[in-house]
1. If the viscosity is 0.890 mPa s and the temperature 25 °C, what translational diffusion coefficient in µm²/s does Stokes-Einstein give for region 1-119 when Rh comes from Kirkwood over Cα pairs?
2. Using only Cα atoms and rounding to the nearest 10 degrees, what angle (0 to 90) does helix 120-153 make with the longest principal axis of the chain?
3. Starting from 0.36 nm per residue, how many nanometres of slack lie between Ser115 and Ile244 once their C-alpha separation is accounted for?
4. Over all pairs of distinct alpha carbons, what does the Kirkwood formula give as the hydrodynamic radius of region 111-221, in Å?
5. Among Asn177, Asn250, Asn19, whose mean-square fluctuation peaks in a Gaussian network model of the chain (Cα, cutoff 10 Å)?
6. Work out which trypsin sites (Lys or Arg not before Pro) in the chain are exposed loop sites (DSSP not H, G, I, E or B, at most 12 other Cβ within 10 Å) and give the longest gap free of them.
7. What range in the chain is the longest one free of GluC sites (Glu not before Pro) that are in a loop by DSSP and have at most 16 other Cβ atoms within 10 angstrom?
8. Measuring from label point to label point, each 7 Å out along Cα→Cβ, what is the Arg58 to Asp208 span in nm?
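Only the coordinates and a few stated rules stand behind these numbers; no lab work does. Being a predicted model, the structure only gives us computed values, none of them experimental. Methodologically, a virtual Cβ is constructed for each residue, glycine included, from the backbone with ideal geometry; neighbour enumeration extends over all protein chains shown.
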Amino acid sequence: MLKKYLLTGEKIIETSDENASILVYISPDEAEKKYLIDELKLDEHTLASSLDPDELSRLEFEPNHVAMIYKRPENLIDKDQLLFKVTSAGIYLFNDKIIIVMNEDISIFDTKIFSKVMSMQHLALKLILRSITHFLGHLKAINFISDELEKKINESMENKYLINLFTLEKSLVYYLNAINSNSSLMERLKNNAAKIGFTPLELELLDDIYIENNQCYKQAEIYSNILASMMDARASIVSNNLNILMKTLNIITIGIMVPTFVVSAFSMNVSIPLQSHPFAFWIVMFFATISVMGFLFFWKRRKW
């Protein structure tokens, strides 16, 4: 699928004009791939890298354009059970246009980041900045979800919430690798700034993006370390909750067995004391009650 945009007055506007300067290809089909490779001279391997979620970020220089592969987070899907995934996207920077290739249909120009775009190089940098802010938003969501799961684990006797925490920890490992990969891309962009044609203002933005990416990496690392270090403690909480439940059930079981034994003793089909007493039933009930109270007193005395 192809979406076309124009850069006019430092704003990005969607258009159907054939001369659009911003082309966004979303999961391009075979015909679109053939056009990109044959007509626009995109490298076939680099184009495939734009759609490969396992591809690392990198910078490539082709005869008529600059290719950037960067990492971005995927939108969360409920069926993945809280697994936050990362994917790749490609930016192909020409002299008069920019081509963006991704495998997910999202609104990439719907934030304030793109309110003032001065050039195609500026747009390429802001696309990377958009990815970093997307990562930061997901990190906040992961932190909020983990806090909610911790509260549920304190009362849970199931492994479901622990599995969700393991999934979040796995997501953070993916995020750390992706953010670090984007950092390598930005270092190459800084080293080749003159070759790409960045202005002093764009170089300043690139420095800001690099700092923002490092802060994002440190935040993801902190969340990952916290989840990993506390996982054993949370597993112990679930185990302890189960032990408390078993203890409670044992108390109830023994508490029922004690008066049952008393009543059973007086119910045997043999000659027993009090069997002709007019208040035999109430005397038996009294002994049964006393046995329960004695059991509870013994339990509390031993602090079990």
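1. Taking Rh from Cα pairs, D becomes 162 µm²/s.
2. 0 degrees
3. Working: separation 129, 0.36 × 129 = 46.44 nm, distance 5.73 nm.
Using 0.36 nm per residue and subtracting the Cα-Cα distance, I get 40.7 nm.
4. On the way: mean 1/r = 0.0633 Å⁻¹.
Over region 111-221, the inverse of the mean reciprocal pair distance is 15.8 Å.
5. Asn250
6. Working: sites that count: Lys116, Arg302, Lys303.
Segment 117-301 is the longest.
7. Numbers: sites that count: Glu10, Glu18, Glu39, Glu104, Glu155, Glu158.
So the longest stretch without any such site is 159-304.
8. Modelled inter-label distance: 3.1 nm.
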